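I have placed the structure first, in the form of structure tokens, so that the comments after it can refer back to it.
Please treat every number below as a calculation from the coordinates, not as lab data. Computed from a predicted structure; not experimentally measured. Every residue, glycine among them, receives a Cβ derived from its backbone with ideal geometry; neighbour counts consider all protein chains shown.
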Amino acid sequence: MSPEKLQQIEALLRAGHSDSEIHRRTGAARGTVARHRKRLGLPSSRTTADSPTCKHGHPFPENVAYDGRGHLICRECRRQHGRDQYLRSYVPAQPDEAAIDRAAAGDPPGRLTPRERHAAIARIDRQQMSSAAIAERVRCSRRTVHRARNRAAA
């Protein structure tokens, strides 16, 4: 293995990346990455209960847990990873204004998202139409119209 690749692996290990992530980035075998982690004296994300801390410094044994495969993991790292994953992936969808306009006009597209449906109901509701008429126009149930009205009123 080239010295440049070894330096890259060492830098990624010290930055706290997992063995799998380093394997994907560098192409080095996971076993090779694990050997370098051990040589550097860095704990893995799956550590033993005898370790004083995980690789991110969370104290053991307070944070020790088992994952679905029976490996010891750090609860705080798992909790933080899940929160970060959620925050990175969550982007609220913007409703399609054209679909809302069509639904309010009485010609809704084949599939409206719940947000679009509620926006169309709110737009039609300003015209003082009955629940049955709104439901027919948006092609939903009267109960959906009632729910949308209650949600808008709250």
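A few remarks follow.
- Computed over neighbours whose Cβ is under 13 Å from that of A119, the net charge equals +2, Lys and Arg +1, Asp and Glu -1.
- For I73, the residues 5 or more places off, or on other chains, whose built amide H falls under 5 Å of its own are A65, Y66, D67.
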